[in-house]
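Note sheet for the following structure.
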Amino acid sequence: MHVAKIQSDREYKKDFEKSKTRFSSPVDMLGIVLAKKCQQLVSDADYRHYLHQWICLPDQNDVIHAKQAYDLQSDVTKKAGEILSDKIYRQRPDTIKFTSVTDSLEMVLAKQNADTMNKVSPAPS
């Protein structure tokens, strides 16, 4: 009985030593998938690999849509860059193009009240 226990412990330790350096992870983990894609982009192994043998016609609907989407994205990126630009942000107020805002209802009422008060008050003698 004692010999069987020692042998069992030895087999257990032997299996443990074999498996302790192994690492298993799910294949579809997001980090692993992104790392594999990044490695493929960085490596030069497929740099000159011929991708396809078909021709894309310029008047296809999906090509037109892709061009429009790219132009729209480019415009949005350009405008966002202009908004975040320090040069435009820090320019002097007198150089900014603007349109004057029409007076709000409160301002019009205040001006009319001021005119009325000026007409009603007697002129100083």
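The values are calculated or read from the model by the stated rules, or taken from the named source; none is laboratory data. Values in this document were obtained by computation on a predicted structure and should not be read as measured data. So basically every Cβ, Gly included, is an ideal-geometry build from the backbone, and we count neighbours across all protein chains shown.
Residue count for the stretch 9-40 under the criterion of being of a type in the set (D, E, K, R), within 28 Å of the chain's Cα centre (by Cα) and in a loop (DSSP other than H, G, I, E, B): the result is 1. When 73, 68, 53 are screened for being assigned to a loop (DSSP other than H, G, I, E, B), without any contact (Cβ under 8 Å) to a residue 40 or more places away in the chain and out of contact with any strand residue (DSSP E or B) (no Cβ under 6 Å at 6 or more places or on another chain), only 53 passes. Residue 79 passes all but one of (1) at pLDDT 75 or above; (2) exposed (fewer than 10 other Cβ atoms within 10 Å of the Cβ); (3) among the charged types (D, E, K, R); which number fails? In the conditions (1) at pLDDT 75 or above; (2) exposed (fewer than 10 other Cβ atoms within 10 Å of the Cβ); (3) among the charged types (D, E, K, R), residue 79 misses (2) alone.
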